[in-house]
1. In the list Val57, Val69, which residue meets the criterion of being more than 21 Å from Lys91 (Cβ to Cβ) and modelled with pLDDT of 90 or more?
2. Quick check on Ala52: is it closer than 16 Å to Gln12 by Cβ, of a type in the set (A, V, I, L, M, F, W, C) and touching a strand residue (DSSP E or B) at 6+ places or on another chain (Cβ under 7 Å)?
3. Got a sec? Which of Asp66, Asp20 is surrounded by 11 or more Cβ atoms within 10 Å (Cβ to Cβ) and of a type in the set (Asp, Glu)?
4. Within region 19-50, can you find the residues that are touching a helix residue (DSSP H, G or I) at 6+ places or on another chain (Cβ under 8 Å), over 19 Å from Tyr96 (Cα atoms) and not hydrophobic (A, V, I, L, M, F, W, C)?
5. Which count do you get for residues in region 77-108 that are within 25 Å of Ile63 (Cβ to Cβ) and in a loop (DSSP other than H, G, I, E, B)?
6. Looking only at region 23-55, count how many residues are among the aliphatic types (A, V, I, L, M) and exposed (fewer than 12 other Cβ atoms within 10 Å of the Cβ).
Amino acid sequence: MKENKELNPIKQILDENNVDNITLYNEANEPFEFEQIAIIPLGEGDEQKLYAILLPVTPLAGIEEDEAVVFEVNEDENSIKNCEDETIIDKVLVEYEKLLAENDKSGE
């Protein structure tokens with residue numbers, strides 16, 4: 001019989017080799033599956049925070065089919081929460097676009 005271990009989503013998100021989808025649970029303990037798009041650090045030193053860009057695998061209410069969601073990853077508190085601050089979301093997306101541009105240049 002195979003042991004069923006609950007995967008820690010933070011460890012999955014931070015694992016560079018992880019290609020599996022990530023399951024997160026809402027307040028009602030309902031599972032939602034996401035594809036990881038990127039991890040974006042913002043800030044410097046002790047002020048640095050990590051944000052994950054995740055794409056819902058199954059439709060979510062209020063989220064378009066091709067729309068990703070930004071989550072704040074807090075390793076100290078072992079938590080992942082939906083980022084609702086539009087300013088931070090914009091900063092995360094700008095950094096993601098920079099990473100994409102850098103990858104395009106290095107792939108030429």
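The values are calculated or read from the model by the stated rules, or taken from the named source; none is laboratory data. For clarity, every value in this text was computed on a predicted model and none was experimentally measured. A quick note on method: Cβ atoms are made from the backbone with ideal geometry, for glycine too, and the neighbour counts reach across all protein chains shown.
1. Values: Val69 fails: more than 21 Å from Lys91 (Cβ to Cβ).
The conditions single out Val57.
2. On the way: closer than 16 Å to Gln12 by Cβ: yes; of a type in the set (A, V, I, L, M, F, W, C): yes; touching a strand residue (DSSP E or B) at 6+ places or on another chain (Cβ under 7 Å): yes.
Yes, satisfied.
3. Answer to the check: Asp20.
4. Listed by number, the residues that qualify are Asp20, Thr23.
5. Counting residues in region 77-108 that are within 25 Å of Ile63 (Cβ to Cβ) and in a loop (DSSP other than H, G, I, E, B) gives 5.
6. Looking only at that region, the number is 1.
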